[in-house]
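Remarks on the structure that follows.
The values are calculated or read from the model by the stated rules, or taken from the named source; none is laboratory data. Bear in mind that the values here come from a model prediction, so they are computed numbers and not experimental data. Every residue, glycine among them, receives a Cβ derived from its backbone with ideal geometry; neighbour counts consider all protein chains shown.
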Amino acid sequence: MKLRKVGIVGVGLTPFDKHEGVPVERLVQQAALAALADGGVKLAEVGAVYASHLYQGEVFGERMTSGLRAPEMEIANFENACAGGSTAVRQAALAVAAEQHDLILVIGAEKMDRGLISFVSADRELTMGSIAPAQYALAGQRHMHEFGTTAEDFARVAVKSRRHGALNPNARLREEVTLDQVMASRPIAEPLTLLQCCRNGSGAAAILVGSERWCQRRGGAKIWIEGSGLRAQTGDANVRDLTNFGATRAAAKAAYEAAGIGPDDVDLVELHDAFTIGELLHYEGLGLCAKGEGARLVRDGDIALGGRVPVNVSGGLLCKSHPVGATGLAQFAELTWQLRGEADGRQVEGARVAVAHSQGGTGLEALATCVTVLARDGR
Amino acid sequence: MADGANKQRAADRQAPADAPIWDGLYGSDADGPYIEGGRCAACGGMALGVREICPHCHAAQQMAPVKIGRRGTLYTATVIHQGPEGFAAPYRVGYVDVEGGVRVFAHIDNGSAKPALGQGVVLTIAKLRQRQDGTTLNGPLYVATPGGS
């Protein structure tokens, strides 16, 4: 099947925070209306609404849209844990590419309590006393054992991202931290300390995905969705190399192939840094460096703003917090601003090709991972 | 696993103060504790627990119980400092590779018998969780192989 070009027509963000006492519908409407305004589009012109969430209950997209008067339209809900937002964008891009719709509004939101992330389903390891950060810590400990990565290397990821977050008015944590502060913060699951774990958050984001005609109509810099890959790691019968993050590797390969690029062509990345260990291992999974060399990118500053391939210039989940259903969409908002050249104070100069990566799931045995390549016109 | 749930309820009735943390995970015989594994008669593949459907070849009702995991090699481990209610933090958990390509999630000794990654370990059964109602939940705790691996 011949697929047509798909781009991002508009983006909107309700910056993540506690938002206590604010209904989720308000958070969604703020982001959705911002995306529509950014794209110069009315809701009545949208063919479908795709919604991403984890904890918000049935027919979420329908409920969130019911207060915004619009004709009958297609509405669908996507749950893929922390990768739900990017999964919904991928499905929207495929629907537009296959000419099922010309314009789709993707919304994602979450209202969460404070604390560290928890899962809905019972799991043997969680029942036996594991916690979400421990699952990354187990991978990190093996990485340290095999490749000589140190606890400080993981901690440096937080120092870098907090420096980025200080530049981003949309970030929730805007104070820089030192390596000593990160190392001395409360231990959670060794080597992870509190400042290396993202917080729960509430918030919303919205992305308008449209055909070339809609991108042309908006005017300005055009941002194309050039390729995406969605891959899961399933089957607990396979004893795995936990340092490998195979789902990231497979999703990246699919996305790069669809876009006709390689990791060397990438100018900046927003990736899933729920925990610093995940970020460092995803450098390797996305092919930004060879396996086992993630720590070198941190030590050499390659992934800092001004470096070879800046990662999480928004501050990442570490600085923005992590309202699960909105997290992936916020990455698309940031990368769109970056590729348009509108990321005041934190702009990656000359950015033309960007990668969004998100990963979700229970444990390291059932992971959904989505990788998307975005590019500015004329890359 | 209705049968497993029934067994669990029976266990709760008979010994409410001393129950397994996860039904069907481990057992004990004259040679000491073991992990409940399953081996598929159709393909020979092994898994943690006896599965209705073999995860390797998808054959139905072909798995028979096999005792595994008395010894293994520590693949990775972390010390948890902020655990769920009833777990006495800090405590160590990890993955142990045992026979048949099976990897077991278990608690790992964090004291005098603390194994390093890559070292040989031996299975013991220990109290892992003390619930507020007084129930003790037991489960696998691997310790370093005495005298090294």
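Here A:Ala109, A:Ala93 are screened, and the one residue that is surrounded by 22 or more Cβ atoms within 10 Å (Cβ to Cβ), in contact with a Pro (Cβ under 8 Å, 6 or more places away or on another chain) and not assigned by TED's automatic domain parsing to the domain that holds A:Pro310 is A:Ala109.
Being modelled with pLDDT under 95 and buried (at least 17 other Cβ atoms within 10 Å of the Cβ): is that true of B:Val122 here? Talk me through it step by step, then tell me what you get.
Details: modelled with pLDDT under 95: no; buried (at least 17 other Cβ atoms within 10 Å of the Cβ): yes.
Considered against the rule, which asks whether it is modelled with pLDDT under 95 and buried (at least 17 other Cβ atoms within 10 Å of the Cβ), B:Val122 comes out as no.
Return the only residue of A:Gly61, A:Gly21, A:Gly85 being assigned by TED's automatic domain parsing to the domain that holds A:Gly210, without any contact (Cβ under 8 Å) to a residue 12 or more places away in the chain and either out of contact with any His (no Cβ under 7 Å at 6 or more places or on another chain) or β-branched (Val, Ile, Thr) (or both). Don't jump to the end; show me each part of the working.
Values: A:Gly61 fails: without any contact (Cβ under 8 Å) to a residue 12 or more places away in the chain; A:Gly85 fails: without any contact (Cβ under 8 Å) to a residue 12 or more places away in the chain.
Being assigned by TED's automatic domain parsing to the domain that holds A:Gly210, without any contact (Cβ under 8 Å) to a residue 12 or more places away in the chain and either out of contact with any His (no Cβ under 7 Å at 6 or more places or on another chain) or β-branched (Val, Ile, Thr) (or both) holds for just one of A:Gly61, A:Gly21, A:Gly85, which is A:Gly21.
Residues checked against (1) of a type in the set (S, T, N, Q); (2) more than 22 Å from the chain's Cα centre (by Cα):
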site	(1), (2)
A:Arg163	no, no
A:Ser185	yes, yes
A:Ala189	no, yes
A:Leu195	no, no
A:Gly201	no, no
A:Cys215	no, yes
A:Gly220	no, yes
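Among the residues of the stretch B:96-126, which ones are touching a residue at least 24 places away in the same chain (Cβ under 8 Å), of a type outside the set (Asp, Glu), part of a strand (DSSP E or B) and facing chain A (nearest Cβ under 8 Å)?
Step one: list which residues in the stretch B:96-126 are touching a residue at least 24 places away in the same chain (Cβ under 8 Å), which gives B:96-104, B:106-110, B:113-125.
Within this subset, residues satisfying the condition of being of a type outside the set (Asp, Glu) are B:96, B:98, B:100-104, B:106-108, B:110, B:113-125.
So of that shortlist, the ones also part of a strand (DSSP E or B) come out as B:96, B:98, B:102-104, B:106-108, B:120-125.
Once the filter is applied, which keeps residues that are touching a residue at least 24 places away in the same chain (Cβ under 8 Å), of a type outside the set (Asp, Glu), part of a strand (DSSP E or B) and facing chain A (nearest Cβ under 8 Å), the stretch B:96-126 yields B:Val102, B:Arg103, B:Ala106, B:His107.
Scanning the stretch A:123-146 for residues that are within 7 Å of chain B (Cβ to nearest Cβ) and of a type in the set (Asp, Glu) yields a count of 1.
Being touching a Phe, Trp or Tyr at 6+ places or on another chain (Cβ under 7 Å) and either assigned to a helix (DSSP H, G or I) or in contact (Cβ under 8 Å) with a residue 12 or more places away in the chain (or both): is that true of A:Val177 here?
On the way: touching a Phe, Trp or Tyr at 6+ places or on another chain (Cβ under 7 Å): no; either assigned to a helix (DSSP H, G or I) or in contact (Cβ under 8 Å) with a residue 12 or more places away in the chain (or both): yes.
No; evaluated as a whole, the condition is false for this residue.
Taking the conditions (1) over 30 Å from A:Met64 (Cβ atoms); (2) surrounded by 23 or more Cβ atoms within 10 Å (Cβ to Cβ) in turn, A:Ala184 satisfies each one other than (2). For the stretch B:64-95, which positions are buried (at least 22 other Cβ atoms within 10 Å of the Cβ) and more than 11 Å from chain A (Cβ to nearest Cβ)? Answer for the stretch B:64-95, where residues must be buried (at least 22 other Cβ atoms within 10 Å of the Cβ) and more than 11 Å from chain A (Cβ to nearest Cβ): B:Ile68, B:Gly69, B:Gly72.
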